[in-house]
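K.L.:
Handing you a structure now.
The values are calculated or read from the model by the stated rules, or taken from the named source; none is laboratory data. All values reported here derive from a predicted model rather than from experimental measurement. Here the Cβ positions follow ideal geometry from the backbone for every residue, glycine too, while neighbour counts run over all protein chains shown.
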Amino acid sequence: MKALVFRHSLAREAAATIGGRIDQRAFVSPLAPVRLEEVAEQPLPAEDWTRVEVTFSGLCGSDVKQILLNGARDNPLTALVSFPHVLGHEVVGPRIDTGERVVLNPWLSCGPRGIEPPCEACKEGRYPWCRNFRGGDLPVSIHLGNCAAAAGAHAERFAAHPSQLFTIPDGVSDEAAVLADPVSVSLRSILLAPPTGDQPVLVYGSGTLAFAAIALLRLLYPAAQVWAATRPGARAELARRLGAHAVLSSSPDELVAQVASRVGTTPLEPWSKRDWLQDGPAVVYDTIGSTETVETSLRLLATGGALVISGVEPPKRFEWTPLYFKELRVIGSNGFGIEEVDGVAQHAMLHYFDFIARGLDLTSVITHRFPLERWDEAVLTVKNSRRTGAVKVLLEPTRT
């Protein structure tokens, strides 16, 4: 079958990195560590696994960052990945054994690994906290898409443990279903620090996670004032359509000034001229996670507020003095599992299907589709999103 394979090779990674400084196409060239290959289908990791045919898969930011080698060699998560692996974990398709349309919970926690009894984290449904990512029936890995023995979703087919698959209700389209993973990520971020009353909150970002957060906040916390810091143009308009009460600049100094104006406070001007505030939104949901967005969030948060970071960018130095002075809380948000919403505890993806039944529609974030064979164009479309307008890009295997 055809699959998008990443093979760890220092030589190829060096060639792509050096070539990419001259031409971005070097990251998707035949010399790069990732390529579309004709590969033999791997045996099922255990007898209770099943296969799923891919209708289409979503390009996640983590997929694109890996292909573009946007990371550092001292990243601690290199302890939890195995090579070579087929990329991809956002997917919709029919089970080959039953024909049911399903979405994938990609976490390779105790259940998929055949580990009994499960660890305490898995017992509680906190699958990203699993303590057994190095054990059981699989090599070291945290989810499909970075596991050498369980192919990811950017392929014609993939295999999964039945506990990872959720049947899609009849009234939910494939286009809506493929967003189950990113929406679940944003749901987890919000539940870690939900709005209180009518206090303002800020969603920082211009991608799928940000737009999902805006829509979820409006659905679940209708009293809260939801502000969006996003790019101008089509992104800003999409944020408004999804319910943002105000769309603010994504430029740091301008954003701080706009927040100060909206809350009616006077900015504090330090020697650096980078103003900061003691009053601002109670929560910032940072879906980017760059040093710039983290630092800016600390500058504009209300004293005692919370910063929830779901985006991941390579770390650098930043000014974090407001963290201690304003007694802010910084919360990392990773993945999803069993989540409680309105007193109902169930998997985040099942909550998402319930939200669709209540009228949630995020399919407008799907901006591009490409055949799997044109994966390279798809990746560069995401990389150049300021020019292309890409938000969520889908890959679709060609049926013969």
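K.L.:
What are the residues in segment 289-335 that are of a type in the set (D, E, K, R) and at negative phi, if any?
P.N.:
The answer is GLU292, GLU295, ARG299, GLU313, LYS316, ARG317, GLU319, LYS326, ARG329.
K.L.:
Among the listed residues PRO30, PRO45, which satisfies the condition of being out of contact with any helix residue (DSSP H, G or I) (no Cβ under 8 Å at 6 or more places or on another chain), of a type outside the set (Phe, Trp, Tyr) and farther than 30 Å from PRO112 by Cβ?
P.N.:
Checking each option against the conditions leaves just PRO30.
K.L.:
Next question, about the same structure. Does segment 358-373 hold any residues that are of a type outside the set (A, V, I, L, M) and in contact with a strand residue (DSSP E or B) (Cβ under 8 Å, 6 or more places away or on another chain), and which are they?
P.N.:
THR367, HIS368, ARG369, PHE370, PRO371, GLU373
K.L.:
Determine which member of the set TYR352, TYR324 is exposed (fewer than 15 other Cβ atoms within 10 Å of the Cβ), assigned to a helix (DSSP H, G or I) and of a type outside the set (Gly, Ala, Ser).
P.N.:
After ruling out the rest, the residue left standing is TYR324.
K.L.:
Considering only residues that are more than 26 Å from ALA177 (Cα to Cα) and in contact (Cβ under 8 Å) with a residue 40 or more places away in the chain, look in segment 46-74 and name the one that is surrounded by the fewest Cβ atoms within 10 Å (Cβ to Cβ).
P.N.:
Of everything passing the filter in segment 46-74, ALA72 is surrounded by the fewest Cβ atoms within 10 Å (Cβ to Cβ).
K.L.:
Against the definition (free of Cβ contacts under 8 Å to residues at least 60 places away in the same chain, surrounded by 18 or more Cβ atoms within 10 Å (Cβ to Cβ) and not hydroxyl-bearing (Ser, Thr, Tyr)), how does ALA239 come out, yes or no?
P.N.:
Yes, satisfied.
K.L.:
Something else: Anything in segment 148-188 that is within 15 Å of LEU87 (Cβ to Cβ) and not in a strand (DSSP E or B)? List them, or say none.
P.N.:
If the condition is that a residue be within 15 Å of LEU87 (Cβ to Cβ) and not in a strand (DSSP E or B), then ALA148, ALA149, ALA150, ALA151, GLY152, ALA153, HIS154, GLU156, ASP181 are the ones that fit.
For every residue, the table says whether it meets (1) assigned by TED's automatic domain parsing to the domain that holds TRP107; (2) at negative phi; (3) not acidic (Asp, Glu).
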{"position": "LEU138", "(1), (2), (3)": "yes, yes, yes"}
{"position": "ILE142", "(1), (2), (3)": "yes, yes, yes"}
{"position": "ALA151", "(1), (2), (3)": "yes, yes, yes"}
{"position": "ALA155", "(1), (2), (3)": "yes, yes, yes"}
{"position": "HIS161", "(1), (2), (3)": "yes, yes, yes"}
{"position": "LEU165", "(1), (2), (3)": "yes, yes, yes"}
{"position": "ASP170", "(1), (2), (3)": "yes, yes, no"}
{"position": "SER173", "(1), (2), (3)": "yes, yes, yes"}
{"position": "SER189", "(1), (2), (3)": "no, yes, yes"}
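K.L.:
Out of all the residues in segment 367-379, is one or more at pLDDT 95 or above, outside the structural domain of ALA155 (by TED's automatic domain parsing) and of a type in the set (Val, Ile, Thr)?
P.N.:
No, that holds for no residue.
K.L.:
Any idea which residue in segment 157-205 is surrounded by the most Cβ atoms within 10 Å (Cβ to Cβ), counting only those that are among the polar types (S, T, N, Q) and at pLDDT 95 or above?
P.N.:
Among residues in segment 157-205 that are among the polar types (S, T, N, Q) and at pLDDT 95 or above, the one surrounded by the most Cβ atoms within 10 Å (Cβ to Cβ) is SER186.
K.L.:
Name the residue, out of VAL247, VAL294, VAL263, VAL283, that is among the β-branched types (Val, Ile, Thr) and surrounded by fewer than 19 Cβ atoms within 10 Å (Cβ to Cβ).
P.N.:
On inspection, the qualifying residue turns out to be VAL263.
K.L.:
Continuing with the same structure: Could you list, in sequence order, the residues of segment 122-147 that are surrounded by 22 or more Cβ atoms within 10 Å (Cβ to Cβ) and either among the aromatic types (Phe, Trp, Tyr) or assigned to a strand (DSSP E or B) (or both)?
P.N.:
Listed by number, the residues that qualify are TYR127, PHE133, HIS143.
K.L.:
Suppose the filter is over 21 Å from ILE366 (Cβ atoms), basic (Lys, Arg), touching a residue at least 24 places away in the same chain (Cβ under 8 Å) and in a loop (DSSP other than H, G, I, E, B); does ARG231 pass it?
P.N.:
Considered against the rule, which asks whether it is over 21 Å from ILE366 (Cβ atoms), basic (Lys, Arg), touching a residue at least 24 places away in the same chain (Cβ under 8 Å) and in a loop (DSSP other than H, G, I, E, B), ARG231 comes out as no.
K.L.:
In addition: Would you mind telling me which numbered condition in (1) under 23 Å from SER184 (Cβ atoms); (2) modelled with pLDDT of 95 or more; (3) part of a helix (DSSP H, G or I) LEU77 fails?
P.N.:
(2)
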